[in-house]
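A.B. asks: My questions will all concern the structure given below.
The values are calculated or read from the model by the stated rules, or taken from the named source; none is laboratory data. In this text, all values refer to a predicted model and were calculated from it rather than measured experimentally. Reconstructed Cβ throughout: ideal geometry from the backbone, glycine too, with neighbour counts over all protein chains shown. SASA here: full protein model, heavy atoms, side chains in, ligands and nucleic acids out. Shrake-Rupley method; radii C 1.70, N 1.55, O 1.52, S 1.80 Å.
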Amino acid sequence: MFQELVKKAKQGDVDSKREIVMNLQPLLVSSIRKYYNIREEYEDSMQDGNLLILECIETYDYGQGVYFLAYIKSKLMYLYLNKNKIKKHASLNEKLEDGEGEVIDLIQSEDMDILERLILSQGNMDLYNAYEKLSEREKQIISLFYIKGDNMKEISEELEISYRTVVNTKTNAIAKLRKYLEK
């Protein structure tokens, strides 16, 4: 039945296209949640997904031996994974939330490390308290990854531990932070 809708849609039937888009909304939502779960961009992500579905109707080729739903699913996955690659840059001259100073001032401080200052300056005591409950190794890996910007390989080389250990420690630390924050 779905293949018939696709055939009609490829021939230009607007109602078939509309029905396909409506039927694929749950797949679209689950793809966003799985591959690009940024709430502020949910509406845009839905629109991007709907446009991709319409494009895929036009570009789908029956001769490739791939089901239309599998084709759409893989296209959505790559769409949202690629959106994660777009990096957002912040300025060191950006004003702090409390209005007193700039981000660069945090780096010049000697009384606390940068992560502590950043967390405290943003008024997020819950996150700071959760961070303090992590083991020293977990704090170290979180700081190297999120503050210094090192990738997993660089961290494993710097700390002289295996890549897999870095990945697992970071994953566990994030899970602990989430757990502490949910309480």
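A.B. asks: Fully extended, how many nm does the chain gain between SER162 and LYS7 (0.36 nm per residue separation, minus their Cα-Cα distance)? Please report the intermediate quantities before stating the final value.
C.D. replies: Numbers: separation 155, 0.36 × 155 = 55.80 nm, distance 5.13 nm.
Additional length available on full extension: 50.7 nm.
A.B. asks: Within region 124-155, whose backbone N sits under 15 Å from a point 7 Å along Cα→Cβ of ASN172?
C.D. replies: So the set is 133-142.
A.B. asks: Of all the accessible heavy-atom surface of region 18-62, with the other protein chains kept in place and a 1.4 Å probe, what percent is carbon and sulfur?
C.D. replies: Working: 1420 of 2840 Å².
With neighbouring chains kept in place, the figure for region 18-62 is 50 percent.
A.B. asks: Going Cα to Cα from LYS179, which lysines come in below 29 Å? Please leave out same-chain ones fewer than 8 positions away.
C.D. replies: By straight Cα distance, LYS179 reaches LYS34, LYS83, LYS85, LYS87, LYS88, LYS133, LYS139, LYS148, LYS153, LYS170.
A.B. asks: What length, rounded to one decimal in nm, is gained on full extension from ARG39 through to GLU19, with 0.36 nm per residue of separation minus their alpha-carbon distance? Intermediate values should be presented prior to the final figure.
C.D. replies: Details: separation 20, 0.36 × 20 = 7.20 nm, distance 2.60 nm.
My answer for the length gained is 4.6 nm.
A.B. asks: Accessible area per residue of region 20-78 at 1.4 Å probe, in Å²? It would help to have the intermediate numbers written out before the result.
C.D. replies: Working: 3740 Å² over 59 residues.
I get 63 Å² per residue for region 20-78.
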